[in-house]
Amino acid sequence: MTTHPAHPAARSIRTTPEGLMWEPSERWVRGRKGDVTVVDSRHPVLVWEPHLPVPQYVFPREDVRTDLLRPAESPPTGAHTGSRIFYDLDADGEVRRNAAWTFPADDLAGHIAFEWFLRTDTGLDHWYEEDEEIFIHPRDPHKRVDALPSSRHVRVEIDGQVVADSQDPVLLFETSLPTRYYLPREDVRLDLFDVTDHHTGCPYKGTASYWSLRGEADVPPDLVWTYPEPLPAVAAIQGRVAFFNEVVDIALDGERLERPETPFSRMLRRRSRS
């Protein structure tokens, strides 16, 4: 029987004494501040910090416009795992504080990281993998997001009131998160909800807009959402409506599901108290 050697990229994730996990990426990644390309790398490295569920990129120093970096005036020591060296970015006529840093790990020596997810006030303006713009944070190569049409019966209640009932859902399976049920609008009592100005971005799905339940029910705001223009990989959820399983009661084919405990649970409880 003929055996084939593993592809050079088929390497396991490596770890450092500081608790970082990392692996090389073969994607061409660029980052821009205004009209200035600050990062242009064909050899980026994905890094996972112990306290963060999503990856970030670090780049070989030679792929970074280091002439635009200067030692940070007020480095936020402790903001990243073991990092003590931070840089301010002076580009396109603006200074962004603590936009970049280095990790102390020997494995990542000679690499520079940049803020971008959730921190547009300090990070770069635009990021690209190959020729596609990406948002919030890099996509995790070990994460799957599958949107599958189904004929299962989904019923949603809030405080005993039926707010959705459908046998035409799209089930969205996302690694490390509970299944989300995207329902046709005609199967949801949207007359019970008000549109809000809240929006969120997801690198796997796109930009979501939200509704809040009208009235006095003890539920957080913005508990219902839709993706008007989802990314092509999850086009099946376009315009459909989903609920946070964490705070509503969902029955699937007549079986009531337990409310899951997820990274969103604490956020939703905090919103309910406020």
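The values are calculated or read from the model by the stated rules, or taken from the named source; none is laboratory data. Note that the structure is predicted; figures quoted are calculated from it, not measured. Quick reminder, even Gly has a Cβ in these numbers, built from the backbone with ideal geometry, and neighbours come from all protein chains shown. The area values use the complete protein model at the heavy-atom level, side chains included, leaving out ligands, DNA and RNA. Shrake-Rupley method; radii C 1.70, N 1.55, O 1.52, S 1.80 Å.
To the nearest µm²/s, what D does Stokes-Einstein give for the stretch 61-191 at 10 °C and 1.306 mPa s, using the Kirkwood radius over alpha carbon pairs as Rh? In µm²/s, the coefficient rounds to 85.
In order along the stretch 29-44, phi translates into HN-Hα couplings of 10, 10, x, 10, 10, x, 8, 9, 7, 8, 10, 8, 9, 9, 9, x Hz, rounded to whole numbers, per the Karplus curve 6.51 cos²θ - 1.76 cosθ + 1.60 with θ = phi - 60° and x for Gly and Pro. Each residue was assigned an accessible area with a 1.4 Å probe, and for residue 200 the value is about 40 Å². Surface composition of the chain: carbon plus sulfur atoms hold 49% of the accessible area, using a 1.4 angstrom probe and ignoring ligands, DNA and RNA. Its residue count N fixes a reference of 2.2 N^0.38 Å for the chain, and the Cα radius of gyration divided by that reference is 1.17. In this structure the amide hydrogen of residue 163, modeled in the peptide plane, comes within under 5 Å of the amide hydrogens of 156, 157, 158, none closer than 5 places in sequence on its chain.
Taking all protein chains together and rolling a 1.4 Å probe, residue 21 ends up with roughly 80 Å² accessible. Loop-located GluC sites (Glu not before Pro) in the stretch 40-105 (DSSP state other than H, G, I, E, B) with a sparse environment of at most 11 neighbouring Cβ atoms within 10 Å: 73. Sorted into 5 angstrom bins from 0, the C-alpha pair distances of the stretch 51-135 split as 3, 14, 25, 28, 20, 9, 2 percent. Each eigenvalue of the Cα gyration tensor of the stretch 11-56, multiplied by 5 and square-rooted, gives one semi-axis; in descending order these are 24, 13, 8 Å. In this structure the amide hydrogen of residue 200, modeled in the peptide plane, comes within under 5 Å of the amide hydrogens of 208, none closer than 5 places in sequence on its chain. For the chain, the solvent-accessible area works out to 53 Å² per residue, with a probe of 1.4 Å and every protein chain left in place. Converting phi to 3J(HN,Hα) with the Karplus coefficients 6.51, -1.76 and 1.60 and the offset θ = phi - 60°, the stretch 141-150 yields x, 9, 10, 10, 9, 10, 10, 10, x, 8 Hz in sequence order, with x at every glycine or proline. Size of the stretch 128-274: Rg and Dmax of its alpha carbons, in Å, are 15.1, 48. Between helix 263-273 and the chain, what is the angle of the helix's C-alpha long axis to the longest principal axis, kept within 0 to 90° and rounded to the nearest 10? Relative to the chain, helix 263-273 is tipped by roughly 60 degrees.
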